[in-house]
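To start, the structure itself, in structure tokens.
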Amino acid sequence: MKTTYNVNEKGFYGEFGGAFVPEMLYPNVEALRQQYLTISNEPSFQDEFKALLRDYVGRPTPLYYAKRLSEQFGAKIYLKREDLCHTGAHKINNTIGQILLAKRLGKTRIIAETGAGQHGVATATVCALMGLQCIVYMGAVDIQRQAPNVARMKMLGAEVRAAVSGSKTLKDATNEAIRDWISNPEDTFYIIGSVVGPHPYPDMVARFQSVISAEIQQQLLEKESRQNPDYVIACVGGGSNAAGAFYHFLEEEKVKLIAVEAAGKGIYSGESAATSALGKMGIIHGSKTLLMQTQDGQITEPYSISAGLDYPGIGPLHAHLFQTRRAEFIAVTDKEAMQAGIALAQTEGIIPAIETAHAFAVLEQKKFRPEDIVVINLSGRGDKDLNTYTNYFDL
Amino acid sequence: MNRIQQQLSAKNKILSIYFTVGFTKLNDTKSLIEELARNKVDVIEIGLPFSDPLADGPTIQSSSMQALQNGMTTTLLFEQLKDIRNTVDIPLIIMGYFNPMLQFGIENFLKACRQTGIDGLIIPDLPLEIYLSDYKKLFDSYGIQMIFLITPQTSEERIRLIDDNSNAFIYMVSSAGVTGSKDQFEENQLQFFERIARMNLKNQQLIGFGISNKITFQQAIKYQKGAIIGSSFIQFISKNKISDIKNFINNIL
């Protein structure tokens, strides 16, 4: 495969990526780098991975033609229903892959970070499935705003540890998970939930999520007699659902990729998480990428109404897609996202996660031709966000 | 021999102290360094605060937060250190994370180190491979020493590679974990110290992470040239005056 947009052999996407980890993490990250492709390409791994995705996760997820939405916006709009995955979001595609790797590496203790709690739930789920100990780090603020997912993790047998430093959100939960890994290098596997972190994580997570775009191609072929849509739209926090939805289209330059970031209360309001607009190149969580920071190189606190997009960086793949202009980056405010969320609920009968609602807000901003095939990755369902929705709209 | 090597070969044991600049007060830097040097400290590690210090435990995390809230910046640090070589002649090392240095500009940072008389850098999240391929030449051209960490999990082959590429000392992380204090070292840690001592490395080693008192310091210098104290000094300075530093040092030596 060409690697114009994908990772190179040194773990970089253009000038982004790499593994900027302290020596304490070097042996673990290096062992993973040496083995992730070999292990995940073994037929026995692939068989187990695919069987679990089919029978446990419920794949393939439907590619649904949204008739009313299509009429409203004047294009052929398809929704990739990742919200129908077991546990309610795309996150489980990746945790299934990583837990199988962890088992083959002989690890017995699993740690994870979580923002909205979807990755935490997906990790707790696969740990229960495999009988492994699970500890999830979650920002104290997110524990408050995503209470249903905290309860689910606990019911699944995971321990949820509050991150109380910094803004007490996803960035800080990730710091705590990394510190845990530094302190437990022998028995612990760190299941990162997005296409962030040191190489090989961004590539590994993108590969496990790439099932999304592989299915889109196959399903479009059945429905439209063509493999490639005109547009693929996905929201980006760290960027795992977007990486999965874009993956098989990266080198198909005719497919327009749209990455939707959280503008919070407005890109320049001081309360935003729109990294591509506000970030500069820097190092966060072991990766060189675009990053929201002060002039002095201190990482700044992001803000978004959606916990899953509340992150001051983006995965190095996305930084590269932004820099090369392969993907268009659009920032959507809290307000626009919330309105798109309730509109989807009342047009198609689907309540999306607030993260996902950001992707739908793009429909109001883009002009499409009637024959355009637009695929929106419906990355997660909104059950966890009912409180935020009902309070916001006073329902 | 550079200043770090001279100091390490001149003394039979080395006490190195780490502190976070800008903590507890923004402009304590110069008087802290002078007071440490006056009180038999052999090497000083000047901690440049970072918002997200991945390798640090709660004590250094909170001192870093406080320092940033006080207004500490890289530019200010070099201003504070401008005349430090008029009064202090022991080795001075800056320990900091890579991102603030990257934003300052690596070459600018090295230039400022040379101008102020900084001898070396410890950058926990700049890995050996990237240092060698991208930065070593630049460090060498400014005469700034890079100091690498090793841990009980670091392979012998990698330790040799680090030794070959160091001209100061090797920073031994006493156990798997982030920075913080311990009352005494355990058997497996002492075995690690002994194993490294027997490797006959070209560079001396200093032990850090977990040194807090006379017992841990004595355990460390039984095997290595010396030790680095960070968290426990930060805790001390948060409750005591700079003029009390001699009490802290007397409790260690």
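Data table
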{"item": "Yes/no for B:Pro58 being within 20 Å of B:Tyr171 (Cβ to Cβ) and within 14 Å of chain A (Cβ to nearest Cβ)", "result": "no"}
{"item": "All positions within segment A:106-126 that are under 20 Å from A:Asn28 (Cα atoms) and touching a residue at least 12 places away in the same chain (Cβ under 8 Å)", "result": "A:Lys107, A:Thr108, A:Arg109, A:Ile110, A:Ile111, A:Ala112, A:Glu113, A:Thr123"}
{"item": "Any chance A:Thr356 is in a helix (DSSP H, G or I) and crowded, with 23+ Cβ neighbours inside 10 Å", "result": "yes"}
{"item": "Tally of residues being without any contact (Cβ under 8 Å) to a residue 60 or more places away in the chain and surrounded by fewer than 14 Cβ atoms within 10 Å (Cβ to Cβ) across segment B:217-249", "result": "6"}
{"item": "B:Lys136 being at pLDDT below 95, within 30 Å of A:Asn175 (Cα to Cα), surrounded by fewer than 20 Cβ atoms within 10 Å (Cβ to Cβ) and basic (Lys, Arg)", "result": "no"}
{"item": "Segment B:121-133, residues that are farther than 19 Å from B:Lys82 by Cβ and more than 12 Å from every other protein chain (Cβ to nearest Cβ)", "result": "B:Leu132"}
{"item": "Qualifying residue in segment A:260-277 (condition: within 20 Å of the chain's Cα centre (by Cα), farther than 16 Å from A:Leu170 by Cα, more than 14 Å from chain B (Cβ to nearest Cβ) and of a type in the set (S, T, N, Q))", "result": "yes"}
{"item": "Evaluation of A:Ala128 against (1) in contact with a helix residue (DSSP H, G or I) (Cβ under 9 Å, 6 or more places away or on another chain); (2) away from every other protein chain (no Cβ under 14 Å) (one fails), failing number", "result": "(1)"}
{"item": "Scan of segment B:65-90 for residues that are in a loop (DSSP other than H, G, I, E, B) and either within 28 Å of A:Asp172 (Cα to Cα) or modelled with pLDDT under 95 (or both), ordered by number", "result": "B:Gly71, B:Met72, B:Thr73"}
{"item": "In segment B:187-216, the residues that are buried (at least 24 other Cβ atoms within 10 Å of the Cβ) and either out of contact with any strand residue (DSSP E or B) (no Cβ under 6 Å at 6 or more places or on another chain) or assigned to a helix (DSSP H, G or I) (or both)", "result": "B:Gly210"}
{"item": "B:Met101, sole failed condition from (1) within 12 Å of another protein chain (Cβ to nearest Cβ); (2) over 21 Å from B:Thr75 (Cα atoms)", "result": "(2)"}
{"item": "A:Asn6 touching a residue at least 40 places away in the same chain (Cβ under 8 Å) and either part of a loop (DSSP other than H, G, I, E, B) or in contact with a strand residue (DSSP E or B) (Cβ under 7 Å, 6 or more places away or on another chain) (or both)", "result": "yes"}
{"item": "Failed condition for A:Gly11, given (1) over 30 Å from A:Ala345 (Cβ atoms); (2) over 21 Å from the mean Cα position of the chain (by Cα)", "result": "(2)"}
{"item": "Residue selected from segment A:204-240 under the condition part of a helix (DSSP H, G or I) and touching a Leu at 6+ places or on another chain (Cβ under 8 Å), by the criterion farthest from A:Glu328 (Cα to Cα)", "result": "A:Lys223"}
{"item": "Scan of segment A:300-318 for residues that are surrounded by fewer than 24 Cβ atoms within 10 Å (Cβ to Cβ) and within 14 Å of another protein chain (Cβ to nearest Cβ), ordered by number", "result": "A:Thr300, A:Glu301"}
{"item": "Check on A:Ala343, farther than 22 Å from A:Pro202 by Cβ and at pLDDT 95 or above", "result": "yes"}
{"item": "Hits in segment A:147-178 (condition: within 12 Å of chain B (Cβ to nearest Cβ) and surrounded by fewer than 17 Cβ atoms within 10 Å (Cβ to Cβ))", "result": "A:Val164"}
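Residue by residue, here is whether (1) in contact with a Ser or Thr (Cβ under 8 Å, 6 or more places away or on another chain); (2) of a type in the set (Phe, Trp, Tyr); (3) surrounded by 16 or more Cβ atoms within 10 Å (Cβ to Cβ) holds:
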| site | (1), (2), (3) |
| --- | --- |
| B:Gln5 | no, no, yes |
| B:Asn27 | no, no, no |
| B:Glu35 | yes, no, yes |
| B:Lys40 | no, no, no |
| B:Phe50 | yes, yes, yes |
| B:Asn86 | no, no, no |
| B:Phe98 | no, yes, yes |
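Yes or no, residue by residue, for (1) in contact with a Leu (Cβ under 7 Å, 6 or more places away or on another chain); (2) assigned to a strand (DSSP E or B):
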residue: A:Ala277; (1), (2): no, no
residue: A:Ile283; (1), (2): yes, yes
residue: A:Tyr303; (1), (2): no, no
residue: A:His318; (1), (2): no, no
residue: A:Ala331; (1), (2): no, yes
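The values are calculated or read from the model by the stated rules, or taken from the named source; none is laboratory data. Here the structure is a predicted model, which means the values were calculated and not measured. FYI the Cβ positions are ideal-geometry reconstructions off the backbone, even for glycines, and counts take in every protein chain you see.
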